[in-house]
Amino acid sequence: MRVFTVLMLAVAAGIGFTTVTPRAQAQVNVSIGIAPECPYGYYDTAPYGCAPTGYYGPEWFNGDGFIGAGPWFHGAEDFQGNVNNRLHPDNGYKGPAPARGEKAEPAKKVDSAHFQGNEARDGRGHVTGGKR
């Protein structure tokens, strides 16, 4: 009789735990939002801070407009553009960078004659080759 009582108490406790325990409602919400407004483009990896002038080569710009990087990239599927990765924080860069919303200075525009790129990237955070 004692075994039966213990068994019934265990069943009752098990039922109590399953009815009292709330179900977890998992919700995944992915939101990219709008691209950062940076005068010389933004880095192609999170947290997508503004890149300093000279990080991106001229092929990253359509006129004065940056073609994007990371989740906001809107270039060709096979795009490869040059960057100067010495100006990336992941490589130790701690120099000045513009703030979001800051306007570009025409005197700081980088052209192909003055750009010193050392790495090709695809706009989606991937290295695609060396200096081109």
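Computed from the coordinates by the stated procedures, all read-outs in this text should not be read as laboratory data. This structure is a prediction, so every number in the text was calculated from the model and none was measured. Cβ sites come from the backbone with ideal geometry, for glycine too, and all protein chains shown count toward neighbours.
Summary table
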quantity: Residue match in segment 84-91 (condition: among the polar types (S, T, N, Q) and buried (at least 19 other Cβ atoms within 10 Å of the Cβ)); calculated: yes
quantity: Test: residue in segment 66-81 that is under 15 Å from Cys50 (Cβ atoms) and surrounded by fewer than 10 Cβ atoms within 10 Å (Cβ to Cβ); calculated: no
quantity: Count of residues meeting criterion [closer than 20 Å to Ala120 by Cβ and in a loop (DSSP other than H, G, I, E, B)] in segment 33-42; calculated: 2
quantity: Strands (runs of 3 or more DSSP E) within segment 43-132 that include 3 or more residues within 19 Å of the chain's Cα centre (by Cα); calculated: 81-83, 119-121
quantity: Asn91 vs. criteria among the polar types (S, T, N, Q) and touching a residue at least 40 places away in the same chain (Cβ under 8 Å); calculated: no
quantity: Residues within segment 91-108 that are out of contact with any helix residue (DSSP H, G or I) (no Cβ under 7 Å at 6 or more places or on another chain) and either hydroxyl-bearing (Ser, Thr, Tyr) or over 14 Å from Ala51 (Cβ atoms) (or both), tallied; calculated: 6
